[in-house]
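*Asks:* Take this structure first; my questions come after.
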Amino acid sequence: MKETYFITGISTEVGKTIASAIITEALEADYWKPIQAGELENSDTHKVKRFISNKKTVFHDSAFDLETPMSPHAAAVIDGAKIVAKNIKRPVTKNNLVIEGAGGLLVPLNDTETIADIIDPTDKVIIVSRHYLGSINHTLLTVEALKSRNLTIHGILFSGAEHPTTEAIIAKMSGVNILGRIDEEPYFDQNVIKEYAEMLKSSL
């Protein structure tokens, strides 16, 4: 049975794109970024594509490519676009699919909808958490928001420098499966991504 994995973060710049690349490589899944805001010449899809070495992954076009590097709701207004969750159609594939969200779970798409509204109940949601002052709160709030919507949390993936006390309390208080961690590497390339993919494959 083919699965869909939705990658969300506790905030922006926490390592979602690297995590998405590793998970895509581990599963040899297809990759899709529904909404790209800014950096269209070097989008997250471009970045993930550079990290993938398997020959099975297909990269699907974003539903919205917005020029302005802002929250989707604001970028859409500036770009003259209108984002509605029900109009974001998922790519058709017979392969596993990795979907990378934009920012955190409650990033607005419009005046009433957020990223959470494009997650299906059958999706396996992976939360990328990175240590910073406030990250415990942000991680636990993300878990609570997913649970309140009856969405399926597959696990938490820690990213960046290890912080044992933070990670331990998040694991204890959330009750969520910890999938592993992506360390603060000096660089990421296809080989490093592949090494992490092999390590994390069994937890996915």
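The values are calculated or read from the model by the stated rules, or taken from the named source; none is laboratory data. All of these numbers come straight from a predicted model, not from anything done at the bench. All Cβ positions, glycine included, derive from the backbone under ideal geometry; neighbour counts span all protein chains shown. When the accessible area is computed, the model is the full protein with side chains, heavy atoms only, and any ligands, DNA or RNA have been set aside. Shrake-Rupley method; radii C 1.70, N 1.55, O 1.52, S 1.80 Å.
*Asks:* If you stretched the chain out fully between residue 141 and residue 55, how much longer would it get, using 0.36 nm times the residue separation minus the C-alpha to C-alpha distance?
*Replies:* 27.2 nm
*Asks:* Continuing with this model, one more query. Within segment 1-119, what whole-number % of the accessible surface is contributed by carbon and sulfur, with the 1.4 Å probe and all protein chains included in the calculation?
*Replies:* Carbon and sulfur atoms account for 51 percent of the accessible area of segment 1-119.
*Asks:* Stretch residue 47-residue 161 to full length: gain in nm at 0.36 nm per residue minus the Cα-Cα span?
*Replies:* Length difference between fully extended and current span is 38.9 nm.
*Asks:* Another question, then. Out of the DSSP beta bridges found with both residues in the chain, what percent are antiparallel (nearest 5)?
*Replies:* Percentage antiparallel, nearest 5: 5.
*Asks:* Another question, then. What net charge do the residues around residue 91 carry, taking every other residue with its C-beta under 12 Å from that of residue 91, with Lys and Arg at +1 and Asp and Glu at -1?
*Replies:* Neighbourhood net charge equals +2.
*Asks:* Right, next: For residue 202 and residue 93, FRET efficiency with R0 = 25 Å and r from the beta-carbon atoms, rounded to 0.05? Can you show the working numbers first?
*Replies:* On the way: r = 23 Å, r/R0 = 0.93.
Plugging the Cβ-Cβ distance into 1/(1 + (r/R0)^6) gives 0.60.
*Asks:* Given the options 114, 122, 45, which has the most mean-square fluctuation in a GNM of the chain, springs set between C-alpha atoms less than 10 angstrom apart?
*Replies:* 122
*Asks:* Test of the criteria: in segment 71-106, which trypsin sites (Lys or Arg not before Pro) are in a DSSP loop and have at most 12 other Cβ atoms within 10 angstrom of their Cβ? Don't skip to the answer; put the middle values down first.
*Replies:* Values: sites: 82, 86, 89, 94; in loops: 82, 89, 94.
Qualifying residues, ordered by number: 82, 89, 94.
*Asks:* Taking the chain as a Gaussian network, Cα atoms linked when under 10 Å apart, which of 119, 182, 88 shows the biggest mean-square fluctuation?
*Replies:* 88
*Asks:* Ignoring ligands and nucleic acids, what accessible area does residue 181 show with a 1.4 Å probe (Å², nearest 10)?
*Replies:* Accessible area, nearest 10 Å²: 50 Å².
*Asks:* Based only on the alpha carbon positions, what is the Kirkwood hydrodynamic radius of segment 23-135, in angstrom?
*Replies:* Kirkwood hydrodynamic radius for segment 23-135: 15.0 Å.
*Asks:* Please give the direction-averaged projected area of the C-alpha convex hull for the chain, in square nanometres with one decimal.
*Replies:* Seen from a random direction, the Cα hull of the chain projects 11.0 nm² on average.
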